[in-house]
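The values are calculated or read from the model by the stated rules, or taken from the named source; none is laboratory data. Quantities reported herein were computed from a predicted structural model and do not represent experimental measurements. Here the Cβ is made from the backbone with ideal geometry for all residues, glycine too, and neighbour counts use every protein chain on show. Note: areas computed on protein heavy atoms with side chains; ligands, DNA, RNA excluded. Shrake-Rupley method; radii C 1.70, N 1.55, O 1.52, S 1.80 Å.
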Amino acid sequence: MEERLRLDHLILTKNNTLSLYSLMELYNPKLVVIDASLSVRTTYRLTKECQKLGIPCHDVAQKGAYRINF
């Protein structure tokens, strides 16, 4: 089994229909950012999946822009 790609942030946008579980087969993010372009239903599903997987997430629609300080 190959090692998953480590990411600081995984940003999910637009018409994402993938399950976070399937994305976790490829990626190992420290944080998932859920863009406001996703539907309320999709955002809810992804937020719950993050909780179950123990991955912090930032919902832009609820919390506003996600800012990274360099």
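Only one entry in Thr47, Thr17 is of a type in the set (Ser, Thr, Tyr) and modelled with pLDDT under 95, namely Thr17. Within the range 1-31, the set of residues being open to solvent by less than 80 Å² (accessible area, probe 1.4 Å) and aliphatic (A, V, I, L, M) comprises Leu7, Leu10, Leu12, Leu20, Leu23, Met24, Leu31.
Checking each residue in the range 18-35 for being in a loop (DSSP other than H, G, I, E, B) and under 12 Å from the mean Cα position of the chain (by Cα) picks out Leu18, Ser19, Met24, Asp35. The residues of the range 37-66 that are open to solvent by less than 30 Å² (accessible area, probe 1.4 Å), on the phi < 0 side of the Ramachandran plot and assigned to a loop (DSSP other than H, G, I, E, B), listed by number, are Leu38, Ile55. Apart from one condition, Asn69 fits all of (1) in a helix (DSSP H, G or I); (2) open to solvent by 80 Å² or more (accessible area, probe 1.4 Å); the exception is (1).
So, Ile34, is that one without any contact (Cβ under 8 Å) to a residue 60 or more places away in the chain and open to solvent by less than 100 Å² (accessible area, probe 1.4 Å) or not? Yes: the conditions hold for Ile34.
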